[in-house]
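Just below is one structure, and these are the notes that go with it.
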Amino acid sequence: MKVLQPTLAKVPWMIVALALMAGVLLDLFAPQPYTGLPLLAAAPLVAGATLSFRSALAVVCVTCVISVAVDIERGRPATPLFVDLAVVGLIGVLALAVNRLIVRQGRDLALARDVAEAVQRAVLPDPPKEVGPLAVAAGYTAAQAEARIGGDLFAVQETPFGVRMIIGDVRGKGIAAVASVSVAIGAFRQEAEYAPTLVTLVQRMDEALARAAAGSGPVISTEDFTTAVLAEVSADGEVLSLVNRGHPPPYLVHDGQFVRLDPPIPQLPLGMGLCDITSVGSVPVDVVRLPPGASLLLVTDGVTEARDKRGTFYDPVSSGRMRRRFRDPDALVDALTKDVDRWTEGEHEDDMAILVVTRRGHPRAA
């Protein structure tokens with residue numbers, strides 16, 4: 001792309017020059033009553049919409065001079081000459097006004113993007129690089145690239161009960177999802193510190209999200225929910241416990257192999273107002289061993305539902321580019337992000353969050 005940038009920057013000037021030349025040629029050689037005035041007037045409009053204010057002003061002045069010169073060359077009377085000049089001048093003024101409006105809107109958009117990015121970082125800060133026995137890395141790609149914000153969430157926290165983490169996806173995306181993300185992250189941060197078991201943590205988060213949904217109106221909507229995977233790694237890093245509430249399953253990555261950790265029993269998402277009929281015994285917990293050097297890869301549906309041009313879903317298990325050892329969790333996040341971008345050719349239909357935790361204490365990969 002860097003090679004094409006100088007050429008692309010010349011395109012507006014080329015269009016302006018072509019419009020001016022075509023306008024002059026039509027004025028001089030076209031049969032009456034056809035004139036090149038519309039093409040001459042188009043040059044300032046193109047300049048106003050694509051060039052800087054100074055450049056657009058220069059194009060307006062040059063166009064006015066050309067209009068007068070062509071009319072004099074054709075021997076037109078003073079009245080038509082001034083009419084043509086007035087038309088070109090009026091359109092030039094409008095073009096300059098459009099230029100100022102575009103510049104102002106660009107500044108407003110840049111400010112909105114900066115504010116959205118600040119909100120995203122405040123609500124969803126980057127996790128620490130190391131927590132207990134784990135090395136941590138995360139990546140986030142919003143579907144609404146112009147807003148730099150989305151509805152996916154993740155967090156990692158060291159607690160008296162081990163290292164706990166969450167990855168989730170609230171309904172919706174963009175600015176509208178910020179409130180739901182903040183509620184989910186806040187509930188996790190608060191309850192992860194005090195809930196004695198992972199099951200209790202899930203129940204308390206379910207209750208907190210249901211209360212937030214109930215506070216938004218007299219009727220709890222079944223569309224206000226959060227899919228999530230909550231995980232807990234023991235203090236020694238040996239035991240991994242998982243609870244999946246309607247979210248894409250995570251993967252255990254070890255020695256270049258990806259193993260999908262499907263939940264034993266499918267569960268409904270969090271926050272649907274069903275916590276009153278949920279008992280402790282009905283929440284299944286999947287317990288697996290986390291070998292030294294193994295990684296837990298948690299993703300949102302922006303990864304698992306990414307499609308290529310043929311509509312085929314992306315699958316890291318079958319991707320040949322992912323069958324290798326990764327020196328650290330950052331390398332795995334980077335490789336997966338690039339592989340999904342390659343698969344979709346850069347087109348993201350949904351937010352994409354990636355969270356990787358790796359049990360330390362193993363030789364570094366080559």
Worksheet entry | Alpha-carbon radius of gyration plus Dmax, which is the widest Cα pair, for the range 279-331 in Å | 15.5, 44
Worksheet, complete the sentence: Straight-line reach check, residue 129, cutoff 18 Å on alpha carbons, 8 or more apart in-chain or any other chain, hits among aspartates and glutamates -> 158, 232, 236, 328, 330, 334
Discussion item. What FRET efficiency comes out for residue 259 versus residue 108 if R0 is 35 angstrom and r is the Cβ-Cβ distance? Round to the nearest 0.05.
Written reply: 0.15
Worksheet item: Can you give the extra length, in nm with one decimal, that the chain gains between residue 72 and residue 90 once fully stretched, where that is 0.36 nm per residue apart less the Cα-Cα distance?
Response: 4.5 nm
Worksheet item: What do you reckon, how do 140, 194 stack up by accessible area (1.4 Å probe), largest on top?
Response: 194, 140
Item to complete: Assuming R0 = 41 Å, can you tell me the calculated FRET efficiency for the pair residue 15 and residue 317, based on Cβ-Cβ distance, to the nearest 0.05?
Response: 0.25
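The values are calculated or read from the model by the stated rules, or taken from the named source; none is laboratory data. From a predicted model like this one, the values you see are computed outputs, not experimental measurements. Please note: Cβ atoms are built from the backbone with ideal geometry, for glycine as well, and neighbour counts cover all protein chains shown. Accessible surface is based on the protein model in full, side chains and every heavy atom, while ligands, DNA and RNA are left aside. Shrake-Rupley method; radii C 1.70, N 1.55, O 1.52, S 1.80 Å.
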